[in-house]
Amino acid sequence: MLRLGLQDNEALSNLQVAYARLERVDPESRRLPDPTTEIPDRDPDALKGDIVAQAYRRLFRDLGIDPTKRRPAGEALARRIAQGEKLPNVHPLVDAVNIASAVTLIPLHVLDADRIEPPIEITTPREGIPFDPIGSPSMTLNGEHPILRDENGPLALLAHRDGDHAKITMNTLNALVIACGPPTTGPRLLPDAFRHVERYVTLAGWRFAHQPRTIENGSG
């Protein structure tokens, strides 16, 4: 189902990766809390000093990405809230995962499982591959930012942004939540993130179809 691109650099092949399959229970549920009540008071400028934020910034640098130009998704969401902005209302499931990401500072991908042609691979793309980010114009990948991809092409920019190819819609019945993290942050980082995910997606009318699974050594 999910594998690392071991042909790529060491930072990528040593990622912690975990995923869980979700299924829709109540598509009309809108019981999510206000994100501002869930997130600790943070000074926007002090966010980059958080131990988790620092770990993801180091990971991005190790992967050749400037984290001041492309922020890790968890930090970016938390920063929006710290600056007094609201998170967008996209879809109950997406909103739930965004809250979990902002609370934990851990980037989380959420994808429509039925629109994916497995396996999913985390790898460095070849230059010139097109990618359609959700809500933005199509872009051409330059080979720098690692991606999640399936047999049909890119699904997401790793730890940064999901694409249109397998985005969640009101017709989605099954979903995948994928989290990755640098090994230096400790073994409990991703399990802690999924505990938050489970809480919020339950409020949004979804449930885990299985407990989160981890992958190591390139396969899972």
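The values are calculated or read from the model by the stated rules, or taken from the named source; none is laboratory data. All of these numbers come straight from a predicted model, not from anything done at the bench. Cβ: placed from backbone, ideal geometry, glycine included. Neighbour counts: every protein chain shown.
Of all the numbered requirements in (1) within 20 Å of A53 (Cα to Cα); (2) among the hydroxyl-bearing types (S, T, Y); (3) in a loop (DSSP other than H, G, I, E, B), S101 misses one, and that requirement is (3).
So in region 24-49, with the set limited to residues that are surrounded by 14 or more Cβ atoms within 10 Å (Cβ to Cβ) and modelled with pLDDT of 90 or more, which one is nearest to N89 (Cα to Cα)? Among residues in region 24-49 that are surrounded by 14 or more Cβ atoms within 10 Å (Cβ to Cβ) and modelled with pLDDT of 90 or more, the one nearest to N89 (Cα to Cα) is L32.
Could we say that G181 is crowded, with 18+ Cβ neighbours inside 10 Å, farther than 21 Å from I120 by Cα and of a type in the set (G, A, S) here? Judged against the criteria, G181 is not a match. Scanning region 145-167 for residues that are part of a loop (DSSP other than H, G, I, E, B) and either over 13 Å from the mean Cα position of the chain (by Cα) or crowded, with 24+ Cβ neighbours inside 10 Å (or both) returns H145, P146, E151, N152, L158, A159, D164, H165, A166. Picking from residues in region 104-138 that are among the polar types (S, T, N, Q) and not in a helix (DSSP H, G or I), the one that is farthest from A55 (Cα to Cα) is S138.
For P212, the criteria (1) loosely packed, with under 14 Cβ neighbours inside 10 Å; (2) touching a Pro at 6+ places or on another chain (Cβ under 8 Å) hold in every case but one, which is (1). Here the helices (runs of 4 or more DSSP H) wholly within region 1-65 that include at least 1 residues being in contact with a Cys (Cβ under 9 Å, 6 or more places away or on another chain) are 51-62.
The set of residues from region 67-76 being aliphatic (A, V, I, L, M) and buried (at least 24 other Cβ atoms within 10 Å of the Cβ) comprises just one member, A73. Going through (1) surrounded by fewer than 17 Cβ atoms within 10 Å (Cβ to Cβ); (2) farther than 14 Å from L32 by Cα; (3) in contact (Cβ under 8 Å) with a residue 24 or more places away in the chain; (4) out of contact with any Pro (no Cβ under 9 Å at 6 or more places or on another chain) one by one, R58 falls short only on (4).
Of all the numbered requirements in (1) out of contact with any strand residue (DSSP E or B) (no Cβ under 8 Å at 6 or more places or on another chain); (2) within 25 Å of Y19 (Cβ to Cβ); (3) buried (at least 18 other Cβ atoms within 10 Å of the Cβ); (4) not charged (D, E, K, R), G64 misses one, and that requirement is (3).
Annotation: A78 fulfils all but one of (1) over 16 Å from A175 (Cα atoms); (2) assigned to a loop (DSSP other than H, G, I, E, B); the unmet one is (2).
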